[in-house]
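One structure is given below, encoded as structure tokens.
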Amino acid sequence: MTTARTALITGITGQDGSYLAEYLLSLGYRVVGLVRRSASENYWRINPIRHEIELIQADLLDQSSLDTAVRRIDPDEIYNLGAQSFVPTSWEQPILTAEFTGVGVTRLLEAIRKHNPSIRVYQASSSEMFGRVREIPQTELTPFHPRSPYGCAKAYAHFITVNYRESYGLHACCGILFNHESPRRGLEFVTRKITHAVAQIKHGLADELRLGNLDAKRDWGYAPDYVRAMHLMLQHDEPQDYVIATGETHSVREFVEVAFSEVGLAWEDYVKEDERFLRPAEVDLLVGDASKAREILGWVPSVSFRGLVKLMVEADLAWVAKQKAKRQRLP
Ligand code: NAP
Ligand code: GDD
């Protein structure tokens, strides 16, 4: 009988961490999640699989906790998904973002290098690193020009991962993932903010949606497709970096139009532009070329832009209906 492979996931309580944990369990992995201590647990995304996974406390800010976690679990694979991932917060808290999202990666790589350099490691790089894009579409060879403290921290994290691969021979891969969404997306990100507001408006619980830049364009995919790519990267014998994207770009305005049309409403009646949601520097357009991932890993996305908007609107309609029913039962 062969023993199950063990995966350690940082950021398991986040959108991607929860989908990746489910996916790896379905492949027969032992899954251990690294969680930071909190007075109130935020486990809603992993509650359905809570009895199938193990959790260990550590923090990307704390070297000794990472050393202990890597030594105790001694996994075959580590997926580093933990980060301060909301771009606007990175202007409010640039140093904390650099610590979590940038230097935290070095701490984790150090723990791996010192304990067991044969552990395979995945780093969650981001299309936000392309920022003011130098070419269209963006590939693994497109130079970075980050436009936010978050993008700068991710660029550092990317290069330090490449550097540990080249300096110490770590089996480290960076997935340069373009935006990916789902019903588990945080409510502050634009897609979920829109689909949740559409559901609230449809149920009579809200009458407007305030947004920032409607002209920004993103390459939006479906998160469960993207976690498959993370796993595929670590199975390949040669560690490399890959762009993961759909190859299509759409504006925030188009996302809004499709989401409102799903429930038979005209978006112009509800959406108000609000400068509080504009950013000090914007990433105007992202569109990725994932040919390398398709050719080497056989990875292709399974959900279209319209399919993504539809499934998110449907999930939020059901969720808001449930919340509303609960509230009506209160005395
Ligand atoms: P997310 O939902 O915001 O999840 C972030 C996770 O990081 C949470 O589990 C959070 O834990 C954890 N975390 C934050 N600070 C930490 C710390 N100091 N120590 C340990 N864990 C910490 O993000 P996501 O959308 O799943 O994204 C996963 C990763 O991919 C992130 O690194 C993100 O930057 C990157 N990425 C995302 C996208 C995208 O479109 N989703 C695209 C490219 C790259 P708590 O629950 O305790 O807060
Ligand atoms: N959040 C938000 N809220 N964004 C808005 C709003 C609003 O009210 N109105 C317009 N936008 C625009 C933003 O200006 C941005 O151009 C676009 O919508 C997408 O914003 P987000 O959904 O917040 O995502 P992001 O692209 O900044 O960052 C996400 O994708 C990155 C990959 O490119 C995050 O998941 C990052 O962690 C990830 O690395």
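Filter the stretch 141-158 for residues that are buried (at least 16 other Cβ atoms within 10 Å of the Cβ) and either assigned to a helix (DSSP H, G or I) or away from ligand 2 (no atom under 15 Å from the Cβ) (or both) and give the result.
Step one: filter the stretch 141-158 for residues buried (at least 16 other Cβ atoms within 10 Å of the Cβ), giving 142, 144, 146-158.
Listed by number, the residues that qualify are PRO149, TYR150, GLY151, CYS152, ALA153, LYS154, ALA155, TYR156, ALA157, HIS158.
Of the residues that sit in the stretch 128-140 and are assigned to a loop (DSSP other than H, G, I, E, B) and touching a His at 6+ places or on another chain (Cβ under 8 Å), which one is farthest from GLY104 (Cα to Cα)?
So in the stretch 128-140, the residues assigned to a loop (DSSP other than H, G, I, E, B) come out as 130-137, 139-140.
Now drop any that are not touching a His at 6+ places or on another chain (Cβ under 8 Å), which leaves 130-134.
Working: PHE130: 21, GLY131: 22, ARG132: 25, VAL133: 26, ARG134: 28 Å.
Only one residue fits best here, namely ARG134.
For THR161, indicate whether it is closer than 23 Å to VAL320 by Cα and in a helix (DSSP H, G or I). Before you say what the answer is, go through the steps one by one.
Working: closer than 23 Å to VAL320 by Cα: no; in a helix (DSSP H, G or I): yes.
For THR161, the condition - closer than 23 Å to VAL320 by Cα and in a helix (DSSP H, G or I) - is not met.
Are any residues in the stretch 246-294 over 23 Å from HIS145 (Cα atoms), outside any loop (DSSP other than H, G, I, E, B) and not hydrophobic (A, V, I, L, M, F, W, C), and if so, which ones? Please lay out each step first, then the result.
The initial filter retains those residues of the stretch 246-294 that are over 23 Å from HIS145 (Cα atoms), namely 253-276, 294.
When the remaining residues are screened for being outside any loop (DSSP other than H, G, I, E, B), the result is 253-262, 267-269, 271-273, 275-276, 294.
Matches in the stretch 246-294: ARG253, GLU254, GLU257, SER261, GLU262, GLU268, ASP269, LYS272, GLU273, GLU275, ARG276, ARG294.
I need the full set of residues from the stretch 159-178 which are surrounded by fewer than 22 Cβ atoms within 10 Å (Cβ to Cβ), in contact with a helix residue (DSSP H, G or I) (Cβ under 8 Å, 6 or more places away or on another chain) and touching a residue at least 60 places away in the same chain (Cβ under 8 Å), in order please.
Scanning the stretch 159-178 gives LEU170, HIS171.
So for the stretch 293-303 (the condition being touching a helix residue (DSSP H, G or I) at 6+ places or on another chain (Cβ under 8 Å), in contact (Cβ under 8 Å) with a residue 12 or more places away in the chain, surrounded by 18 or more Cβ atoms within 10 Å (Cβ to Cβ) and of a type in the set (Phe, Trp, Tyr)), does at least one residue qualify?
Yes: the stretch 293-303 contains one or more residues that are touching a helix residue (DSSP H, G or I) at 6+ places or on another chain (Cβ under 8 Å), in contact (Cβ under 8 Å) with a residue 12 or more places away in the chain, surrounded by 18 or more Cβ atoms within 10 Å (Cβ to Cβ) and of a type in the set (Phe, Trp, Tyr).
Name the single residue, out of those in the stretch 115-155 being within 11 Å of ligand 1 (Cβ to nearest atom) and of a type in the set (Ser, Thr, Tyr), that is farthest from TRP220 (Cα to Cα).
So the residue we want is TYR122.
I'm trying to understand the selection: among the residues of the stretch 179-229, which are of a type in the set (A, V, I, L, M, F, W, C), out of contact with any Leu (no Cβ under 6 Å at 6 or more places or on another chain) and more than 12 Å from ligand 2 (Cβ to nearest atom)?
Result: VAL198, ILE201, LEU205, ALA206, ALA229.
With the requirement that a residue be under 19 Å from ARG228 (Cα atoms) and not in a helix (DSSP H, G or I), what does the stretch 297-331 give you?
Scanning the stretch 297-331 gives GLY298, TRP299, VAL300, PRO301, SER302, VAL303, SER304.
Take the residues in the stretch 175-213 that are among the polar types (S, T, N, Q) and closer than 18 Å to ALA266 by Cα, then tell me which one is nearest to the chain's Cα centre (by Cα).
THR191
Would you mind telling me which numbered condition in (1) within 9 Å of ligand 1 (Cβ to nearest atom); (2) surrounded by fewer than 23 Cβ atoms within 10 Å (Cβ to Cβ); (3) modelled with pLDDT of 95 or more ASN80 fails?
Failing condition for ASN80: (2).
The values are calculated or read from the model by the stated rules, or taken from the named source; none is laboratory data. This is a predicted model, so every value here is computed, not measured. Backbone-built Cβ (ideal geometry, glycine too); neighbour counts: all protein chains shown.
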